[in-house]
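Input: a single structure, listed below in structure tokens.
The values are calculated or read from the model by the stated rules, or taken from the named source; none is laboratory data. Quick caveat, the model's predicted, so the values are computed rather than measured. Heads up, the Cβs are rebuilt from the backbone with ideal geometry, glycines too, and the neighbour counts pull from every protein chain shown. Keep in mind that these areas ignore ligands, DNA and RNA; they rest on the heavy atoms of the full protein, side chains included. Shrake-Rupley method; radii C 1.70, N 1.55, O 1.52, S 1.80 Å.
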Amino acid sequence: MFDIIIIGAGPAGLTAAIYARRAAKSVLVLEATAYGGQIINTPDIENYPVAAHISGFDFATKVYEQAKALGAEIVFEKAVEIEDHGTEKAVITAKNRYIGKALILATGSENRKLGLEKEDSLVGRGVSYCATCDGAFYRGKKVAVVGGGNTALEDALYLADLAESVTLIHRRDSFRGEEGTVARLKEKPNIHFMYNSNVTKLLAEKRLTAIEVTDRNGAVTELAVDGLFIAVGRIPENQNFAALIRLDEAGYIQAGENCHTNLPGIFTAGDNRTKEVRQLVTATADGAVAATEAVKYIAALS
Amino acid sequence: MAIIPVTYEHFEEEVLKSDLPVLADFNADWCGPCRMLAPILEQIAEERSDCKVVSINVDDESELAEQFEVSSIPCVVLFKGGKEAARSVGLRPKEALEGLLGEN
């Protein structure tokens, strides 16, 4: 039996492992694919304190090595189900059943994709899912943002101060996002709007060079852009916990800043929890909080 | 068993003449996904006694990379009875790599 089982080896899960090991708890980290989580897609992190420039891959590798050196056991198996038996919790993978006193669910979320050809291979070469991460690479360039929610609107605002021009493409005729933000967008001279339109094709050589936009009437426009920021929502990876853990309508685990879920002894950390700011620094912060709460929970068991 | 680093000189003996199926991981130090794949392959090497895992650095062993037409890494090639039986390109989950062994 482990003291703490952490599901997900991204920044939140691995930071939780570091804190739990430093509290002398036995720790198992289960990871479905490879360590690092979505931060590995960021070529250059510039907003993490102290590390003025670090690649997402280097960041992930350092956190992974730190957690391992402290004695966390990291196993590459996907958690398909969890069970709550009071003082014991079980995590089921395709091959094994692991028992722990406390669980930390740190599975993160994935970007909803447009589903276009070449979308995956152009990530980091003109296609981005994170304006605050990658916007600085588009200083003085032409970009487009696709989406109609708050993230898309905020991305467009953020990019308007960096890029030469920003085209905001939305499939409806009005935005779901906050009106205040919409008003601020309309004041920016370099933001252009394309309503009732979808991005239907990515044109690229080595990098993205243009996008094809199709409007409701079927009219096709080719728009030359250096960058396309896709902000059409995120999908939290909580499906396998839904039977036990209370999720919100969008599928995020309902939890406050203390990272408690609806079940005692089961905590959550990082992007798969309900929160306002989903950033690297808030993911690692969650890891610290969730591990500390889990340690407290275990202490109260005995 | 640990992962065995293999060079051109030992390739025939370690891989082609191996009694066990061999997962050959073509990688390079500068390749991020290769480094992320390494602990997954280490775990397979430790857990399974019915296969061997070897590591081939494509910068040092360009002849091998060329011979097996490895043009994109990470690339894991399954060798059975001295021949390539399957390959997996890119960063794949552990199950996918074990699937190579299971299906071939």
Item to complete: Starting from the exponent 0.38 and prefactor 2.2 Å, build the expected Rg for region A:237-302 from its residue count and divide its actual Cα Rg by it.
Response: 1.09
Fill in: Translational diffusion coefficient (Stokes-Einstein; Kirkwood radius from C-alpha pairs) of region A:1-47 at 10 °C, 1.306 mPa s, in µm²/s
138 µm²/s
Worksheet, complete the sentence: Order by accessible surface, 1.4 Å probe, largest leading, for residues A:Thr151, A:Thr181 comes to A:Thr151, A:Thr181
Fill in: Bins of 10 Å from zero: percent of alpha-carbon pairs in region A:113-230
15, 51, 32, 3
Worksheet item: Taking a probe of 1.4 angstrom, what is the accessible area of B:Ser55 in Å², to the nearest 10?
Response: 30 Å²
Worksheet item: Cα convex hull of region A:182-302: how many Å³ per residue?
Response: 186 Å³
Worksheet entry | Highest average packing first - A:203-213, A:156-166, Cβ atoms within 10 Å | A:156-166, A:203-213
Practice prompt. Using only protein heavy atoms and a 1.4 Å probe, report how much of A:Asp215 is accessible, in Å² to the nearest 10.
Written response: 50 Å²
Discussion item. Could you put A:Arg125, A:Arg246 in order of accessible surface area, largest first, with the 1.4 Å probe and the full protein assembly present?
Written reply: A:Arg246, A:Arg125
Item to complete: Name the residues of region A:55-80, by number, that are at least 30 Å² less accessible with every protein chain in place than in the isolated chain; the surface is that of heavy atoms, probe 1.4 Å, without ligands or nucleic acids.
Response: A:Phe57, A:Phe76
Worksheet item: Just the accessible area per residue of chain B, please: how many Å² with a 1.4 Å probe?
Response: 50 Å²
Practice prompt. Check cross-link reach from B:Lys83 to the lysines: straight Cα distance under 29 Å, and skip same-chain residues fewer than eight apart.
Written response: B:Lys17, B:Lys52, B:Lys94
Fill in: Accessible surface ranking that places the most exposed of A:Met1, B:Met1, B:Met36, A:Met194 first, with a 1.4 angstrom probe
A:Met1, B:Met1, A:Met194, B:Met36
Worksheet item: If contacts are Cα pairs under 8 angstrom and at least 6 residues apart, what is the relative contact order of region A:113-230 in percent?
Response: 32 percent
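How long are the three semi-axes of the equivalent ellipsoid for the protein assembly as shown, computed from the Cα gyration tensor as the root of 5 times each eigenvalue, in whole Å, largest first?
38, 31, 18
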Response to the item:
Free-by-geometry Cys in chain B, Cβ-Cβ under 4.7 Å as pairing rule, reported as B:Cys51, B:Cys75
Item to complete: Report which residues of region A:27-53 become buried by 30 Å² or more of accessible surface when going from the isolated chain to the complete set of protein chains (1.4 Å probe; DNA, RNA and ligands ignored).
Response: A:Thr33, A:Ala34, A:Tyr35
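Which value, in Å to one decimal place, does the Kirkwood hydrodynamic radius take for region B:40-104 when every pair of different Cα atoms is included?
12.5 Å
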Practice prompt. Roll a 1.4 Å probe over the protein heavy atoms and report the accessible area of A:Lys95 in Å², nearest 10.
Written response: 110 Å²
Practice prompt. Rank-order A:82-90, A:46-54, A:254-262 by packing density, defined as the average count of other C-beta atoms within 10 Å over each peptide's residues, highest first.
Written response: A:254-262, A:82-90, A:46-54
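Note down the magnitude of the dipole of the protein assembly as shown about its Cα centre, charges +1 on Lys and Arg C-beta and -1 on Asp and Glu C-beta and zero elsewhere, to the nearest 20 debye.
Magnitude of the dipole: close to 1240 debye.
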